[in-house]
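Could you have a look at this structure, given as structure tokens, before my questions?
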Amino acid sequence: QDDCEPDTICFNATICACENCGQLQAVLQLMQLMDDLQVPKSIVTFSSAISACGMTWQLALHLLWAGPRNTVSYSAAISSCEKAGNWSVMLLLLENMLRETLRPNVVTLSACVACCEKGREWRRALEVLRQMERMQVTANSISYNSAISACERGSQLSIALDLMKEMEQREIGKDVVTYGAAIFCCEQSGQWRCAQQLLEDMARLRIEKNVVTANAAISTFGVARKWQLALYLLKDMQDTLIGASIVSFTAAVSAAAMAGSWMTSLALLWEMMALQATSNCLALAAVVTACETARRSGEVVFLLAEMERTSWLSSRSRAAALAQSRCTLAT
């Protein structure tokens, strides 16, 4: 027995190293080698192997049932389900874990909330978050961020804002992920004032915006036809280290076009071309629609000619943009 213990420890260390590098096949080969050499596997062996499964949740379950189980191994299996977005199996694992009188920790339950979020099950995500309270497991920013993201997927802005208040009351730090998910909620609900307030809160708390958060806010302003706010935020992105992306420009172009400001939308599209930004038929369609509505066909003709000259947009993409603009004008 004494001779086996160092071998088990050695194999576990190697399996952990492979797991950290995402080398699942190497992990499985090492486990097979342990069988061939009759080296005992420990709970660490199985937990590390389960963690290496990633989105392969079926294999994670197979390994979970094949060996001894504890909170760590269950958490690893639940994490695999979370990566695959398989919330139904995740809930079964959580139930089974409780039946085996194993106590879930914050990592386990946060992964459960995240899994519900990926499965667009916002009600179940909130149920798990409340279950953490009943189990006296202290939720952290990861738990709350996942729950708020679940509300975003379910267009539940008021609940997302309530969760943010809870975080403040419980002195749980909010970050760019928290605010980003809430601003996405604003976009889906068309609540531009709320998005503006959230951006102001971020500035007050010195939480730096990222591209995703800023783009969501620009889209929110666009839907509400507040193109001036969208333009201001785009300029702010260009002036900071964030940098505006093709999505940022397209959202700003669409915002100006939907508000009927054909000159602004056209100017932004020219700027995209000058910056040699990636071509986008959505931006062109929005500009064409705005110009045609304002009876500025000459600008459209000149724009298309310049695009063809510079090869900024393929002929197929230009045709698709024109077709889309015609459909918009028809409706």
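Just how large is the dipole of segment 54-146 about the Cα centre, in debye to the nearest 20, putting +1 at every Lys and Arg Cβ and -1 at every Asp and Glu Cβ? It would help to have the intermediate numbers written out before the result.
Working: 10 positive and 7 negative charges, 9 e Å.
Using only the charged Cβ atoms, the result is roughly 40 debye.
If R₀ is 45 angstrom, what is the calculated FRET efficiency for the pair Tyr232 and Gln131, using the beta carbon separation as r and rounding to 0.05? Let's see the in-between values first.
Numbers: r = 42 Å, r/R0 = 0.94.
Given R0 = 45 Å and the Cβ-Cβ separation, E is 0.60.
Hey, in the GNM for the chain with a 10 angstrom Cα cutoff, which one of Cys112, Cys81, Cys291 fluctuates hardest?
Checking each option, the largest mean-square fluctuation is seen for Cys291.
Please give the FRET efficiency for Thr71 paired with Cys10, using the beta carbon to beta carbon distance and R0 = 22 Å, rounded to the nearest 0.05. Intermediate values should be presented prior to the final figure.
Working: r = 25 Å, r/R0 = 1.13.
Step by step, r from the Cβ atoms, then E = 0.35.
If the cut-off is 20 Å between C-alpha atoms, which aspartates and glutamates fall inside it for Lys174, apart from same-chain ones fewer than 8 positions away?
List returned: Glu117, Glu133, Glu152, Asp162, Glu166, Glu187, Glu200, Asp201, Glu208.
Rounded to whole Å, give me the distance from the Cα center of segment 69-116 to that of segment 210-278.
Going from one Cα centre to the other spans 41 Å.
Calculate one ³J(HN,Hα) per residue across segment 254-270 by plugging θ = phi - 60° into the Karplus curve 6.51 cos²θ - 1.76 cosθ + 1.60, and present them in order as whole Hz with x for glycine and proline.
These are the phi-based 3J(HN,Hα) values: 5, 4, 5, 5, 5, 7, x, 8, 5, 5, 5, 5, 5, 5, 5, 5, 4 Hz.
Put a dot 7 Å past each Cα toward the Cβ at Arg120 and Asp201; how far apart are the dots in nm?
Distance between the two pseudo-spin positions: 2.6 nm.
Give me the dipole magnitude in Debye, nearest 20, for segment 1-122 about the Cα centre, with unit charges on the beta carbon: positive for Lys and Arg, negative for Asp and Glu. Show your work: numbers first, answer last.
Numbers: 7 positive and 12 negative charges, 114 e Å.
Charge dipole of segment 1-122: 540 debye, to the nearest 20.
Quick one: dipole size for segment 119-175, taken about the Cα centre, charges +1 on Lys/Arg Cβ and -1 on Asp/Glu Cβ, in debye to the nearest 20.
On the way: 9 positive and 9 negative charges, 43 e Å.
In debye, rounded to 20, segment 119-175 gives about 200.
With n ≥ 4 as the cut-off for DSSP H runs, can you work out [θ] at 222 nm for the chain, using -39500 (n - 2.57) per run divided by the number of residues, rounded to the nearest 500? Before the final figure, lay out the partial values.
Working: 19 runs with 250 residues, N = 331.
Value at 222 nm, helices only: -24000 deg cm²/dmol.
Using a Gaussian network model of the chain with C-alpha springs under 10 Å, which one of Thr240, Thr45, Thr108 is most mobile by mean-square fluctuation?
The residue with the greatest mean-square fluctuation here is Thr240.
Which of the following values of semi-axes √(5λ) of the Cα gyration tensor in Å was calculated from the structure shown: [x] 52, 25, 17; [y] 50, 25, 16; [z] 38, 23, 18?
Correct label, based on the coordinates given: [y].
What accessible area per residue comes out for segment 29-87, rounded to a whole number of Å², with a 1.4 Å probe?
Working: 2590 Å² over 59 residues.
Counting only protein heavy atoms, the per-residue value for segment 29-87 is 44 Å².
A follow-up question, please. Using a 1.4 angstrom probe on heavy atoms only, work out the carbon and sulfur share of the accessible area of segment 5-138 in %.
Values: 3600 of 6620 Å².
Exposed carbon and sulfur together represent 54 percent of the surface.
So which residue, out of Phe184, Phe46, Phe221, gets the largest mean-square fluctuation from a GNM of the chain using Cα contacts under 10 Å as springs?
It is Phe46.
The values are calculated or read from the model by the stated rules, or taken from the named source; none is laboratory data. Predicted model only: the values in this text are computed from it and were never measured. Positions of Cβ are backbone-derived with ideal geometry, glycine not excepted, and every protein chain shown enters the neighbour counts. Heads up: the accessible areas ignore ligands, DNA and RNA and are worked out on the full protein's heavy atoms, side chains in. Shrake-Rupley method; radii C 1.70, N 1.55, O 1.52, S 1.80 Å.
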